[in-house]
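Visitor: Please find one structure pasted underneath; my questions will follow.
The values are calculated or read from the model by the stated rules, or taken from the named source; none is laboratory data. Small disclaimer: the values here were computed from a predicted structure and weren't measured. Because the Cβ atoms are built from the backbone with ideal geometry, glycine has one as well, and the counts that use them run over all protein chains shown.
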Amino acid sequence: MSDTVLRDTLALVAPGTVLRDGLERILRGRTGAIIVMGMNRTVESISSGGFHLDVEISAARLRELSKMDGAVVVDQAASRIVRANVQLLPDATIETAEAGMRHRTAERVAKQTGFPVISVSQSMRIVSLYVDGRRHVLEPSESILARANQALAALERYTSRLAQTSSGLDALEIEDLVTVRDVTVVLQLLEMVRRITSDIDGYIVELGTDGRLVALQLEELTRGLMAQRDYLMEDYLPTGLDATTVDARLKWVGSPALLDLAMVARSMGLGGPDGQELETSVSPRGLRILSKIPRLPIVVARQVTSHWNSLQGVLGATVEELVAVDGMTPRSARILRDGLSRLAEISIVDRYA
């Protein structure tokens with residue numbers, strides 16, 4: 001929940017928004033400010049003085065109102081200015097690690113009201129965001145872009161490795177030579193890609209309009225990968241274990257531990273406690289391979305894999321047997337047979353090239 005609140009708040013103060021434009025003007029004017037992002041009875045009870053406005057927010061208005069000593073209160077959507085020049089009197093017993101009066105007040109108000117509070121430092125010229133018990137300093141777009149580009153470079157390397165490893169798994173699946181290790185390596189790379197993608201998503205939110213190019217690059221690099229992750233899970237997870245449970249287990253696996261294949265295998269319900277079962281043979285249900293056949297609907301592919309519950313069974317099925325599956329037409333059956341033949345040729349040639 002806390003990450004969601006922070007992301008939503010960062011989106012409201014990202015470059016390209018009226019609120020961010022107002023904050024930039026405050027910084028350039030070398031004045032401080034406290035902005036409370038929400039109004040309710042608690043905010044009302046700790047507010048003294050000031051005046052009611054209820055006007056549409058604009059960068060110029062925010063800048064001018066912040067010249068006064070009091071705080072500015074805006075609504076939760078950051079679309080209207082509710083009050084200005086307010087003296088905030090939060091509970092003094094609320095703990096705060098801040099030293100400056102403005103930051104101490106901002107942190108206490110955020111904790112007491114539950115609303116995000118923005119504090120603009122006049123002397124240090126930084127913007128601090130207090131939300132859900134945490135402090136987040138808004139950085140210049142240049143700094144965030146540098147980290148985003150570094151993450152994109154890492155993501156590109158991982159997706160390249162993933163493509164090679166996934167192609168190798170294709171050949172092993174068709175030859176029925178898959179081991180727990182082969183499956184785990186692919187899932188390990190997919191999980192690394194997912195984590196880097198999550199980090200970049202955060203940068204994109206914080207960059208606002210400055211992150212459009214980063215968003216396009218991310219979409220290009222990761223298109224279809226999370227669907228492949230789901231298909232891999234459906235192919236290999238033991239009966240009674242679902243992808244949601246595996247995701248919950250992997251969530252608590254730190255980055256160093258993620259390099260341990262035995263740990264990843266155990267998260268999938270495969271392998272043994274000491275990793276000795278990584279060489280155990282496993283057979284796919286076939287959805288991952290069938291999803292790669294052009295013009296074959298994924299709904300039909302699921303019907304086929306549910307019927308045979310084995311890729312080898314699908315590989316050995318005739319067109320007549322495929323047509324007998326619910327939802328399968330003669331045309332779809334031919335597409336499936338031809339597609340599997342092409343994938344088998346490509347995968348085996350790549351494997352032994």
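Visitor: Give region 214-234 a look and list any residue that's out of contact with any helix residue (DSSP H, G or I) (no Cβ under 9 Å at 6 or more places or on another chain) and aliphatic (A, V, I, L, M), or say none. Let's see the steps before the verdict.
Guide: Here is the first cut: in region 214-234, the residues out of contact with any helix residue (DSSP H, G or I) (no Cβ under 9 Å at 6 or more places or on another chain) are 216, 219-220, 223-224.
Correct list: LEU216 only.
Visitor: Here are some residues: LEU343, LEU278, LEU290. Which one is crowded, with 16+ Cβ neighbours inside 10 Å, among the aliphatic types (A, V, I, L, M) and modelled with pLDDT of 90 or more? Give the derivation first.
Guide: On the way: LEU343 fails: modelled with pLDDT of 90 or more; LEU278 fails: modelled with pLDDT of 90 or more.
After applying the criteria, what remains is LEU290.
Visitor: Still on this structure: Pick out, from region 197-273, the helices (runs of 4 or more DSSP H) lying fully within it that include 2 or more residues that are of a type outside the set (D, E, K, R), under 27 Å from PRO294 (Cβ atoms) and at pLDDT 90 or above.
Guide: Working: elements: 212-222, 225-236, 243-251, 255-258, 261-267.
It comes to 212-222, 225-236.
Visitor: Any residue at all in region 209-230 that is in contact (Cβ under 8 Å) with a residue 12 or more places away in the chain and closer than 13 Å to VAL264 by Cα?
Guide: So in region 209-230, the residues in contact (Cβ under 8 Å) with a residue 12 or more places away in the chain come out as 209-211, 214, 217-218, 221-222, 225-230.
Cutting the leftovers down to closer than 13 Å to VAL264 by Cα gives us none.
Checked region 209-230: no residue is in contact (Cβ under 8 Å) with a residue 12 or more places away in the chain and closer than 13 Å to VAL264 by Cα.
Visitor: Of these, GLY16, GLY38, which one is exposed (fewer than 15 other Cβ atoms within 10 Å of the Cβ) and touching a Ser or Thr at 6+ places or on another chain (Cβ under 8 Å)? Explain how you work it out, then say what you get.
Guide: Working: GLY38 fails: exposed (fewer than 15 other Cβ atoms within 10 Å of the Cβ).
The conditions single out GLY16.
Visitor: I'd like the full set of residues that are hydroxyl-bearing (Ser, Thr, Tyr), modelled with pLDDT of 90 or more and out of contact with any helix residue (DSSP H, G or I) (no Cβ under 9 Å at 6 or more places or on another chain), limited to region 115-147.
Guide: Looking only at region 115-147, we keep the residues that are hydroxyl-bearing (Ser, Thr, Tyr), and these are 119, 121, 123, 128, 130, 141, 143.
From what is left, the residues that are modelled with pLDDT of 90 or more are 119, 128, 130, 141, 143.
Answer for region 115-147, where residues must be hydroxyl-bearing (Ser, Thr, Tyr), modelled with pLDDT of 90 or more and out of contact with any helix residue (DSSP H, G or I) (no Cβ under 9 Å at 6 or more places or on another chain): just SER143.
Visitor: Can you name the helices (runs of 4 or more DSSP H) wholly within region 1-115 that have at least 1 residues being over 20 Å from VAL137 (Cβ atoms) and among the basic types (Lys, Arg)? Steps first, answer last, please.
Guide: Numbers: elements: 2-12, 18-28, 41-45, 59-66, 101-113.
Filter on region 1-115 gives 41-45, 59-66.
Visitor: Then there is this: Can you tell me which residue within region 307-326, out of those that are aliphatic (A, V, I, L, M) and assigned to a loop (DSSP other than H, G, I, E, B), is surrounded by the fewest Cβ atoms within 10 Å (Cβ to Cβ)? It would help to see each step written out before you state the result.
Guide: Restricting attention to region 307-326, the residues satisfying the condition of being aliphatic (A, V, I, L, M) are 311, 314-315, 317, 319, 322-325.
If we keep only those that are assigned to a loop (DSSP other than H, G, I, E, B) as well, we get 317, 324-325.
Numbers: ALA317: 20, ALA324: 12, VAL325: 19.
The residue in question is ALA324.
Visitor: Now a separate question. Could you please find all residues in region 159-177 being surrounded by fewer than 18 Cβ atoms within 10 Å (Cβ to Cβ) and β-branched (Val, Ile, Thr)? So that I can check it myself, show each step before the final result.
Guide: Our first condition is that a residue be surrounded by fewer than 18 Cβ atoms within 10 Å (Cβ to Cβ); within region 159-177, this holds for 160-161, 163-165, 167-168, 172, 175-177.
Listed by number, the list holds a single entry, THR165.
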